[in-house]
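*Asks:* So that we are looking at the same thing, I have put the structure below in structure tokens.
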Amino acid sequence: MTEPTHNTSLILPSLLAADWSKVGAEVAKAEQAGAQWLHLDVMDGAFVDNISFGPQMIQTVRKSTSMYLDVHLMIHRADHYLERFLKAGADNITIHVEANYDSSVTETLKRIRAAGKHCGIALHPTTPFEAALPYVNDIDLLLVMTVVPGFGGQPFMEKETMPKLAAARDYRDQQGLKYHLEVDGGVYVHTAPIAKQNGANLFVCGTSFFGPENTASAMQELQSVVA
Ligand code: DX5
Ligand code: ZN
């Protein structure tokens, strides 16, 4: 398992945009294109206005790849479902600060770490960085959503989210913290450099990776603009 530092830029293909009639082949395509991390979007139809897949998909993917599995939970009660995602083979689990919990965000992060996995928190585009402050000492990753979560293929919300990303980077560096900064939504060759400039090092790419016929060259281009 690769554990890059926050100074390493990685392109993360997002399975949401893949052809699910051949999931195994799509995962292999991402790996062959050179992806080290794969992003998996779990949606519950309640926290977000869409339903995607659950632990069984993570488990299916886990069986076919050694890529690092970055699981983004867009669900309420992540703490209730947590064991299933851990058991399914997630390497990192990111939870939303805006979601409901039976326990709490803090307690959920603690349980992820106790299982020996990495943990992250995600911020909706309208949620300020300050909402992350209670958790910044306990996370491996901060996900700044650059679209309203729920769907792929939406435009990058530069004005609304880049100042927050920069604030998260400045705070991290001032405090000597190490969390990765991830952007998710509308990341293309023309938007990824903007995110990089504002501190991102993990770039989730759904449409921009799985959309083109030639994913290997899509990957190369994306990688070259954030290198
Ligand atoms: C959106 C998801 C994203 C999605 C991004 O709610 O969290 O991970 O796959 O898709 P694109 O890259 O197409 O904007
Ligand atoms: Zn996502």
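The values are calculated or read from the model by the stated rules, or taken from the named source; none is laboratory data. Only a predicted model underlies this, so the values are computations on that prediction, with no experimental measurement involved. Cβ sites come from the backbone with ideal geometry, for glycine too, and all protein chains shown count toward neighbours. Calculation scope for accessible area: heavy atoms of the full protein, side chains included, ligands and nucleic acids excluded. Shrake-Rupley method; radii C 1.70, N 1.55, O 1.52, S 1.80 Å.
*Asks:* Starting with the highest mean, order 180-190, 212-222 by the number of other Cβ atoms within 10 Å, averaged over the residues of each peptide.
*Replies:* Values: 180-190: 23.3, 212-222: 15.5.
Order by mean packing, descending: 180-190, 212-222.
*Asks:* Using Cα-Cα distances under 8 Å and only pairs 6 or more residues apart, what relative contact order does the chain have, in percent?
*Replies:* Values: 461 pairs, mean separation 50.3, N = 227.
RCO, the chain: 22 percent.
*Asks:* Determine which lysines satisfy two conditions relative to Lys63: a Cα distance under 19 Å, and not lying fewer than 8 residues away in the same chain.
*Replies:* Once the sequence-local lysines are set aside, what remains near Lys63 is Lys22, Lys29, Lys87, Lys117.
*Asks:* Under the 0.36 nm per residue contour assumption, what length would be gained going from the current alpha-carbon distance of Glu221 and Trp20 to full extension?
*Replies:* On the way: separation 201, 0.36 × 201 = 72.36 nm, distance 2.42 nm.
Result for the pair: 69.9 nm of gain on full extension.
*Asks:* Measuring with a 1.4 Å probe in the full set of protein chains, what accessible area per residue, in whole Å², belongs to segment 10-226?
*Replies:* 41
*Asks:* In addition: So for the pair Ala28, Asn137, with labels modelled 7 Å out along Cα→Cβ, what separation do we get in nm?
*Replies:* 4.8
*Asks:* In the Gaussian network model of the chain, springs joining C-alpha atoms below 10 Å, which of Asp173, Asp70, Asp41 carries the largest mean-square fluctuation?
*Replies:* Among Asp173, Asp70, Asp41, the largest GNM mean-square fluctuation belongs to Asp173.
*Asks:* Which of the lysines could a cross-linker bridge to Lys164, judged by Cα under 23 Å and excluding same-chain residues fewer than eight apart?
*Replies:* Of all the lysines, those that pass the test against Lys164 - Cα under 23 Å, at least 8 places apart if same chain - are Lys178, Lys196.
*Asks:* Across segment 89-95, in residue order, what do the Karplus-derived ³J(HN,Hα) couplings come to in whole Hz, using 6.51 cos²θ - 1.76 cosθ + 1.60 with θ = phi - 60° and x for Gly and Pro?
*Replies:* With the stated coefficients, segment 89-95 comes to x, 5, 9, 10, 10, 10, 10 Hz.
*Asks:* Using θ = phi - 60° and the Karplus relation 6.51 cos²θ - 1.76 cosθ + 1.60, list the HN-Hα couplings for segment 217-224 in order, rounded to whole Hz, with x at every Gly or Pro.
*Replies:* Going residue by residue, I get 6, 4, 4, 4, 5, 4, 4, 5 Hz, with x marking Gly and Pro.
*Asks:* For the chain, what does -39500 (n - 2.57) per DSSP helix run (n ≥ 4), summed and divided by total residues, give at 222 nm, in deg cm²/dmol to the nearest 500? Display every interim value, and only then the final one.
*Replies:* Numbers: 8 runs with 81 residues, N = 227.
The per-residue figure over the chain is -10500 deg cm²/dmol.
*Asks:* How large is the dipole of the chain about the Cα centre if only Lys and Arg carry +1 and Asp and Glu carry -1, each at its Cβ, rounded to the nearest 20 debye? Present the calculation step by step, with values, prior to reporting the outcome.
*Replies:* Working: 17 positive and 25 negative charges, 83 e Å.
Dipole about the Cα centre, nearest 20: 400 debye.
*Asks:* May I ask you to give the percent of accessible area on segment 79-197 that is carbon plus sulfur, with a probe radius of 1.4 Å? Numbers along the way, then the final one.
*Replies:* Numbers: 2620 of 5170 Å².
Carbon plus sulfur share of accessible area: 51 percent.
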